[in-house]
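Notes follow once the structure below has been shown.
Every read-out reported here was derived from the displayed coordinates using simple, explicitly stated rules and does not represent laboratory data. Not measured: the values here are computed from a predicted model. Neighbour counts are summed over all protein chains in view; Cβ atoms, including those assigned to glycine, are modelled from backbone coordinates with ideal geometry.
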Amino acid sequence: MAGKKRINSILALLVLEVMSVTLHPRCALSRTAINTVSLAYTSLSNQSFSSPSDTAIVEIENPKATILRPGPGDRVSGSAVIVEAASEDTDIISIKYQYREAQKWTEITSSMGTGSIFSVAWDTTHLSDGSYDLRAVATDDEGDTDPYPKSITVTVSHLNPDYSEDPLIREQENIIEREDGVKIWLPAGALDCDGNGIVRISRPDQIPLGENPAKIYIEIELSSCQSQLNGPAFISISYPDEDDNGIVDGTFILEENLKVNFWDGAEWIELPTSVDTENNIATGTTTHFSIFGLFGVQAPDLSDVVVYPNPFRPDKDGTVKFLNLTENVKIRIYNVAGELVSARKDITTGAAGWDGRNDHGRAVVSGIYIYLITDKNGGKKTGKVALIR
Ligand SMILES: [Ca+2]
Ligand SMILES: [Ca+2]
């Protein structure tokens, strides 16, 4: 593959006069940089001659740029997904960014200025969910274009992206609304940016201490802007309640008790929160962008304990749920004869369930059972639950 490009044109000029051209140095050509070599010629009459002033520029490889971001397999969304490329070539003067869903490559027209040929802002909002190939086609200062650009495959996913990227405009109100219910509202003047910025919203892989049972987190990062805001912003995060029973699906958290928390670098801080229980969206007010989580808060005392469903059918309901518990709770279940059937202590999650079995794992018969809930503050709550098999 050596000496493919520019040396070819020199050879074309020389071919009438000489039989061969030898390059010096012969073995030390860099595969990625431009090499300047001296030439030695052998004539048709087999006479060698050379001149130290005869040099040629040899570039071994075609211009090439590889995509650094997004990563292969990333699920992306947003109106300014930054596609960033890098090249080891020092003579790249332009890069075309292209995507394709099926056969035809389509050029990406940047949705905002990025200030560099090595990145482009890709508006994915008009694309349907699915797989897309992405490639960066580099051209060098000789006008040569990469004939074999490599592509990566990413997924556009508006409902479940790994991350989304959208522009922020400093001078005005900014509203970022994603199809998965995540929404950011920033009033005008809240941002301090160098020009316009990009907001990246992701589902973080690494969660700081104190994982919450809802396991719902988002991370908000700004580029070119400070993460401390000049005024309050609203962050809305959706949660699942598909069965519409007022409990966050997969948890024991009452939806109306949800609080948006943010990670300040050392601990979770609870934010003023409102919950739209109809649309299953919790909205917190913040002056800082960081990692946010939806937390189910514990009740101050046992007066708001919810026991649900009651009566309960273990086959259908799984468990009867005790919700809105305080910190460090014990729950004891007795039969009507006053015999202890099941006891659980040190419940710290604010919620617990009973599956209709005794502490030996045996299913108990249909009937009325008495629960007694106590907490470490001396709080007490008792009631009846009906079990139907
Ligand atoms: Ca639910
Ligand atoms: Ca709901």
Between Asn358 and Thr153, the two model label points (7 Å from Cα along the beta-carbon direction) sit apart by a distance in nm of 5.7
Using a Cα-Cα cut-off of under 17 Å, which lysines could be cross-linked to Lys150, ignoring same-chain neighbours fewer than 8 residues away?
Lys64, Lys96, Lys104
For Thr125 and Asn310 in the same chain, what is the full-extension length gain: residue separation times 0.36 nm, less their Cα-Cα distance, in nm?
62.0 nm
Where does each of Leu271, Leu254, Leu127 land when they are ranked from fewest to most other beta-carbon atoms within 10 angstrom?
Leu127, Leu271, Leu254
Name the shape class, rounded, prolate or oblate, that the alpha-carbon gyration tensor gives for segment 124-191, where a ≥ b ≥ c are the square roots of its eigenvalues, rounded holds for a/c under 1.5, and otherwise prolate holds if a/b is larger than b/c and oblate otherwise.
oblate
Can you list residues from other chains, or at least 5 along the same chain, whose modelled amide H is less than 5 Å from the amide H of Ile108?
Tyr97, Gln98, Tyr99
Whole-Hz ³J(HN,Hα) for each residue in segment 108-119, computed from phi via Karplus 6.51 cos²θ - 1.76 cosθ + 1.60 with θ = phi - 60°, x for glycine and proline: what do you get?
8, 8, 4, 7, 7, x, 10, x, 8, 6, 8, 8
If each residue of separation counts as 0.36 nm, what is the full-extension length gain between Asp141 and Asn160 once their alpha-carbon separation is subtracted?
2.7 nm
Got a sec to turn the phi values of segment 238-244 into Karplus ³J(HN,Hα) couplings, 6.51 cos²θ - 1.76 cosθ + 1.60 with θ = phi - 60°, whole Hz, x for Gly and Pro?
8, 9, x, 8, 5, 7, 6
In which sequence would Ser303, Ser87 go, from the one with the fewest C-beta neighbours within 10 Å to the one with the most?
Ser303, Ser87
Sequence neighbours fewer than 8 away in the same chain don't count; with that in mind, list the lysines whose C-alpha is under 21 Å from Lys330.
Lys321, Lys345, Lys376, Lys380, Lys381, Lys384
